[in-house]
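The values are calculated or read from the model by the stated rules, or taken from the named source; none is laboratory data. All values derive from a computational prediction rather than experimental measurement. Cβ sites come from the backbone with ideal geometry, for glycine too, and all protein chains shown count toward neighbours.
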Amino acid sequence: MIQTMEMRQVFAEELAKMMEQDEDICVINADLAKACGLTELSKRFKDRVLNVGVAEQNMASMAAGLAAYGFTPIINTFTPFATRRICDQIAISISYAKSNVKIVGLDPGISAQLNGGTHMSVEDIGVLRSIPDLMIFEPVDAVQLRKALPQIMSYKGPVYMRLFRLVAHPVFKETDPFELTKAHILREGKDVSIFASGIMVREAMEAADELIKQGIDAEIINLHTIKPIDTHAIVQSVQKTKAAVTAENHNVIGGLGSAVCEVLGKCYAVPVEMVGIQDTFGEVGMMDYLSKRFGLKSHNIIEAVQEVMKRKKEGESNEVIHRFG
């Protein structure tokens, strides 16, 4: 069953199928083939799975050069090395040059676990979101990853995918539709809109199950593509619910929450609460500990919903005066 496979394994297997059909696809890693799940792929496609050593900037520049000659290169490494370390190369050699490069960052946010704060990239979306012409995507589970890969590879332009490395909790069914640039409404509701991405989608679904017991009918929207964000889906939902909560495995500054607030500030202002990492660095720990430590559990979403419902009831103008007046 695909849902019991590690995400890196699903990625490698689906990529192998595409590489069989398209000789222009190649993969570049920076001495992390085993960690990225590329070992078998490198044996099968010896001349198209390249290891540049611990030289991530060179890896990005090489990818841009290959793209200029018609190849479709994929950069694959841990998230901080795929974003912070090569930000200038992404901005100039890849995005400014409109290079058809796909960037895969593994272990986003707290999923870095025992690699600790230095490897726990809680700012990768914020680092890259302001770079023009760069798509940012985060799959929720193995089913969504498998459906997304062909669309990502056929998209002409740079794409950054933040990829959970291990087995992801299943959320989607094989029969569920998927469109790369369109949000997915997982559950319709009328009282509050919860916008979530990645590992937080499952937490949002669990929160919705508890909230309904409290008489709160939450709408759950998976924003798998954070840039370009599905403005229509966001506005359409909050026009109905008049309140929003965002949930992400990322700093609340610069990520999904910021993107949603930008849309709402321009198009349809409603009270918003953001669940995520509260502008702090990560630390060493296992996922269960870290999700509690940084407030990324379903009960944190429930608390945010309760707060935003209170603000919705009181009226936004009165709340602004109360908070900041």
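The single condition among (1) among the β-branched types (Val, Ile, Thr); (2) under 13 Å from residue 282 (Cβ atoms); (3) crowded, with 24+ Cβ neighbours inside 10 Å that residue 118 does not meet is (3). Of the set (1) touching a helix residue (DSSP H, G or I) at 6+ places or on another chain (Cβ under 6 Å); (2) assigned to a helix (DSSP H, G or I), all apply to residue 114 but (1). Scanning segment 93-108 for residues that are in contact with a helix residue (DSSP H, G or I) (Cβ under 8 Å, 6 or more places away or on another chain) and on the phi > 0 side of the Ramachandran plot turns up just one, 107. Being within 24 Å of residue 203 (Cβ to Cβ) and without any contact (Cβ under 8 Å) to a residue 60 or more places away in the chain, is that true of even one residue in segment 77-95? Looking through segment 77-95, at least one residue is within 24 Å of residue 203 (Cβ to Cβ) and without any contact (Cβ under 8 Å) to a residue 60 or more places away in the chain. Taken over segment 218-242, the residue count meeting the criterion of being farther than 24 Å from residue 157 by Cα and touching an Asp or Glu at 6+ places or on another chain (Cβ under 7 Å) is 4. Annotation: residue 105 fulfils all but one of (1) in a loop (DSSP other than H, G, I, E, B); (2) touching a Lys or Arg at 6+ places or on another chain (Cβ under 7 Å); the unmet one is (1). Of all residues in segment 34-56, those satisfying the criterion of being free of Cβ contacts under 8 Å to residues at least 60 places away in the same chain and under 22 Å from the mean Cα position of the chain (by Cα) are 38, 56.
Could you check segment 269-306 and list, in sequence order, the residues that are among the charged types (D, E, K, R), outside any helix (DSSP H, G or I) and farther than 26 Å from residue 239 by Cα? Correct list: 279, 283, 297. Going by the conditions given, is residue 121 under 13 Å from the mean Cα position of the chain (by Cα), in the same structural domain as residue 34 (by TED's automatic domain parsing), in a loop (DSSP other than H, G, I, E, B) and among the small types (Gly, Ala, Ser)? So residue 121 passes the test. Checking 212, 321 one by one, the residue that is at pLDDT below 95 and either of a type in the set (Ser, Thr, Tyr) or surrounded by fewer than 19 Cβ atoms within 10 Å (Cβ to Cβ) (or both) is 321 and no other. Taken over segment 6-52, the criterion of being part of a strand (DSSP E or B) and not β-branched (Val, Ile, Thr) is satisfied by 6, 26, 29, 50, 51. In segment 13-21, is there at least one residue being at pLDDT 95 or above and farther than 21 Å from residue 100 by Cα? Within segment 13-21, one or more residues are at pLDDT 95 or above and farther than 21 Å from residue 100 by Cα. Scanning segment 44-70 for residues that are surrounded by fewer than 18 Cβ atoms within 10 Å (Cβ to Cβ), more than 14 Å from residue 97 (Cβ to Cβ) and among the hydrophobic types (A, V, I, L, M, F, W, C) yields a count of 2.
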